[in-house]
Every structure is written in C-alpha cells, then in structure tokens.
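Please read the structure below before turning to the comments.
The values are calculated or read from the model by the stated rules, or taken from the named source; none is laboratory data. Since the structure is predicted, the reported quantities are computational estimates derived from the model, not experimental observations. Using ideal geometry, Cβ is built from the backbone for each residue, glycine included, and neighbour counts are taken over all protein chains shown. Please note that ligands, DNA and RNA were not included when accessible areas were found on the heavy atoms of the full protein model with its side chains. Shrake-Rupley method; radii C 1.70, N 1.55, O 1.52, S 1.80 Å.
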Amino acid sequence: MKIIGLLLVPLASMVVLWGVITAVTATESLELREYKTVWTNLRHPAYKLISEIQRERLVSAKLLRDTAGPAAVAAQRNRTDAAKDTFRQLSSTSKNRSEEIRTQVDAVDTQLDRLDAIRGEIDAGLSDRLHTVESYSAIIETIFSLHRHVALIDDIPIYEQSRVIIDLGFAKELLTREQAIALGPVTETERRLFTQIVGNRRFLVDQSLSELDRPLRDADVSLISSPAYQRMRMMEDQIIAGRTPKSWLATTEALAKSFQESLMRASATLNARAEPIADEVLRRAFMLAGLCLALVVVSIVFSVRMGNRLSKELGALRLAALEVAQERLPQVVAKLRKGETVELPELSVPSTTTEIDDVGQAFSIVQQTAVEAAVGQAQLREGVRHVFRNLARRSQALLHRQRIQLQDMQHRATEPDALEDLFKLDHLTTRMRRHAEGLIILSGATPGRGWSRPVPLLDVARGAAAEVEDYQRVTVEPMPADRLAGPVVGDMIHLVAELIENATVYSPDKTPVIVRGEKTARGFAFEVEDRGFGMSPEELAEYNERLASPPEFDLADSDRLGLFVVSRLAARHDIRVTLRGSPYGGTTAIVLIPEEHVAEPEAPAEEPRRPMRVVRSE
C-alpha cells in the first residue's frame, strides 16, 4: 500500500500540472479576446473624449484672447458634454471587469466633474490663459492614465505596441497644448512652459517611433517627415525665440488632425491582432493538455517499474538515517559544545526501508538535533553581540566626555603648540569614537549619532576624511551641492571613513587618496581612490561578494573588521559598495547612494518664484 501511495504522487502532480496549464492558457486567451471589448467600450470613447476636451481647451484659449465668441465656446462645450455622457455610459459596463479598471474610471469621473467649475472660472473672468490650459490638461492626463492601466495584457508584443501608441497619443496631446498656449503673443512664463512642452513632445515622438513595428510606424514617419511638420518645428523655434509666427493655428490644427487619424488607425490595427493570437493561444492549450496526458501515462508505467528498486533503497536509507540521528550527530554536537574540532557525519547508504514513516521519523530526529545545535550557536553569537554593545556604549560615553573636555581646553588654550597638541588629541578621540561605533554596528545596533536635517554631501566626505589617521593625504574634490538625508549621515560618514582608512593603510605613505562625488541616474556616488598596489581579480571578486551579501561576523576574522562594518552599514540603507581596479594601479571603492536618501541642494535665499509645472511623458 505504501508503494501504491508513492506511485500516486507523480500521477497527482502531473494531473495538477495539466489543470494549471490549461487554466492559465485559457485565461490568457480570454484576456486577449476581452482586449477588443475594452477597446470598444472604454478606450475608443476615451480617445474621442480627449479630442473634444482638447478642442474645448483651444476655443477657451481663443475666448480669453478675444478671437472666439461665446457661441463657438457654447457649441464646443455641448460636443464635449455629449462625448462625456457617451464615455460614462460605455465605461459603466467595463467597471465590473476588475478593481483596477474601476479605480481608474472613477478617477476620470472625478476629473470630469471639474469641467463645470473650470468653465465657470473662465466665464467669470477669474482664470487666465495659462491656468485654463493647465486645468484642462489635468483632466486629459487622468484619461491617459486610464489608457495605460487598461492596456495591460499578457501578450508582450501587443502590450509593448499598445504602450507606444498611447505615448504617441500623449505626444499629440502635447501638440494641442502648444497650440493653445501660443495663440498670439506669449508671456515669459508661457514661453518657458511652451519650451518645455516642445522638448517633451519631440523626445516622445522620436522615442515612440523607434519602438513601433513597421506596419504601425509608416504613417507616422510620413507625417513627421512632411513639409507641414517641418514648418511647424520652425514655428516652434520662432516662438521659443520670442517671435509670433503667422498661420500657427492653421498649421498645428491640420497636424493635430493628422496625428489623431494616424493614432486611431494604428489602434484599430493593433486591436485586430489580438483575436488571431487568442485563437493560437487556445490551440496551444489543447496541445499542452494532450502532452500532459501522455506524460501522466508514461509516469505511471515508469513508477511501477521503479517501485521495487525504490523500496530497497528506502530501507537502507532508514537505517543510515537512524544511525546518524541517534549516535553520530549527537556526538558531534557534544564535541562542538566542548569546543573540540570535529567532522560532520555523512549520510552514505546503498539502500533504504519500506517504512516511509520511519524515514520521516529519522529525518525529524536529525532535524531536531541540528536545530538544537543551531540554537546554541545563535545564543553564543547573541552573547558576543551583547558584549560588543556594552563595551562600545561605555567607550562612547567616556569618549563623549573626553571630547567635551578637549573642546573646553581648546577654547582656553593660547599657545599654538598646546593648541596643536589638543587638536591631535581631539582627532585621536574622533577615531576612537569611530572604532567604538564599529563594535556597536557589528552587534546589530545603531551607533546613535545622527542629524535631523539634510547635510551637504561635500561635508559628509570631509567629515569622513577627518576621522582617519592620515587625513593630510586625503583630497576631497569639489562635488555637487546635493545633500544627504539626516538619518543616514552618521552611518555614511562612518562607511566612507572606513574606506578612506583602508585606502591610506594599503597605499604608500606619500601617495594621495582622492575622494570624489557626483550625481548618477539613480542617486549619488562617492569614489575613494588610492594609488597602492591594488588587488588581484580573485580578491576583488571575493570582497565584492562580501560587500554585496554581508556574511555572519566571524570572531576569528578580526583583521577584516572594517569590511564587516562597511557591508553592514551598506545593507542597512540599501547602499551598494563596489571595489574595482584603479587606473593608477591601486583600488577604487564606489559607494552608490540610492536617490531616496539624496535631497536637492538647499535653495538660495531669494524671492520665491511660482514653481514651473513639469509635464511628464508617462
């Protein structure tokens, strides 16, 4: 009976696998078929609504320029309201499909409810042209957010192309914003916003066209290479330069219409691709189901033939496992507790028993014994950490009192030699404080030194250099004025100081140690470069692995305390530390600080300005 139960395990696994594959593939096919329904009931009405809101934004800008009458504005508002009612009617059927779609549709409805308030401000003369353009743009951005969320689909090629088409639609939205802002002479604020929108739109068009496949890209390529599009770019440059070109409105109106037509054609083409792919996915599901059935049959036959052999192997395994668990492993644990050197027992058996329950019991005993040993080791490590922490805390308190006394003596000192000696003692105290903090870090606690406000990263580097013995050899180069978050400052000073000290220790006495800092795409990076003898590729690989994955502290490896401290501090704040060879033959340590710990430079004291609204591309 036990062997029969063993044979049922692969059979049940294959049946479950068959069911999972069939269910997943069927779900994928259903999602591809629903892509067309979502396009018809949600995304297509949303595109029409965007077009009407764009036209209303333009005619409202004309009204504020006195180039359009109230009748034209009222007519366009009626068309917008009709598109809004159609969108709400059709989107109500899509809100039941998923929580994500329901959330996005509700967000769009909330923005659409602001239309009456925006119109009221325009009619009452309470809104200028720039505020009007931004108000309508906020509504349109919410609708594009809906597009991006409902375009998610398991078929990667369709999703990627759909995302690019949405980006092109947003590029057309940026063009209509330019159109509304540049009606007639523009103010300095409007010109700056116009310049920003132009740059975003050009970048978005270039990037999107490079990602579209050829059937969807040809129409847009023809459009941007047309004389009308080139003429529009020249007009944009004129507006940026402060001039008002003629026929701006007519040129942009024609291009916006062409962009919209191209966008709708590309969307319809992509929508038509989903259904054949769904059929192919379903056909593949049936093939996989048949294959799984065949594998189930083969598994049964194979399991029956292997049953007798497996029974003999399990018998031998039970005996060996009981021997290890009851005799050999307890002896090993006892010797370990005495501090003796032992070899771990190996489980080597030619065969096992037919009693599967006994095998489970044997391995349970082995597991229990191993856990007891691990608990003992954990208690030992915790005791060591506690000792580290107590000793370091006591040293911290004494060093703090010593620094206060030294500062008081420095204030009273009048002779240069005495003042120099006091400065050396103060520097020695600072280094002793860092070593005490290192013990606290190794114990798993925090040193306690911190700042409440962001500190310039240049000051962080200088503070780290001041905590090493050969600080005269350290050159801190100028760096950007970005700041480091206060809670991270103390740990970052300690981390960089450890790297600088390693650089001074493992390089000739008269060679400099350079500390640089610069912004990166994902934060800020420090570089600590020495001109020593360097390390071999094997040593670099070993140290980088330790820095990436902090190992458990080994009491026998006290020569590498600095490495343990650096790895612990880096892991605490998600900082990445990497070592590599230096062009001067030494070693360069690169410290990459994540952007969430980096603050912008402190703003200079000047008259506050109204912040510029940044238009995001996605």
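Placing pseudo-labels 7 Å out from each Cα toward the beta carbon at Val301 and Glu545 gives an inter-label distance of 4.5 nm. Here the accessible area of the stretch 38-171 is 51 percent carbon and sulfur, with a 1.4 angstrom probe and all protein chains present. Each residue of the stretch 197-213 was assigned a 3J(HN,Hα) from its phi angle through the Karplus expression (A = 6.51, B = -1.76, C = 1.60, θ = phi - 60°), giving 5, 4, x, 5, 5, 4, 5, 5, 5, 4, 5, 5, 5, 6, 9, 6, 6 Hz with x at Gly and Pro. Placing a pseudo-label 7 Å from each Cα along the Cα-to-Cβ vector at Met234 and Arg453 gives an inter-label distance of 5.4 nm. Annotation for the stretch 58-90 versus the stretch 129-186: alpha-carbon center distance of 19 Å. Phi angles across the stretch 483-500 convert, under the Karplus curve 6.51 cos²θ - 1.76 cosθ + 1.60 with θ = phi - 60°, into 3J(HN,Hα) values of 10, 10, 4, x, x, 9, 4, x, 5, 5, 4, 5, 4, 5, 4, 4, 5, 5 Hz, Gly and Pro given as x.
For Gly532, the residues 5 or more places off, or on other chains, whose built amide H falls under 5 Å of its own are Gly586, Thr587. Taken over the stretch 112-209, the alpha-carbon convex hull comes to 88 cubic angstrom per residue.
For Phe524, the residues whose modelled amide H falls within less than 5 Å of its own, excluding neighbours fewer than 5 places apart on the same chain, are Ile593. By the Kirkwood approach, averaging reciprocal distances over each pair of separate Cα atoms, the stretch 113-162 gets a hydrodynamic radius of 13.0 Å. Taking the empirical scaling 2.2 N^0.38 Å for compact globular proteins as reference, the stretch 166-270 has a Cα radius of gyration ratio of 1.07.
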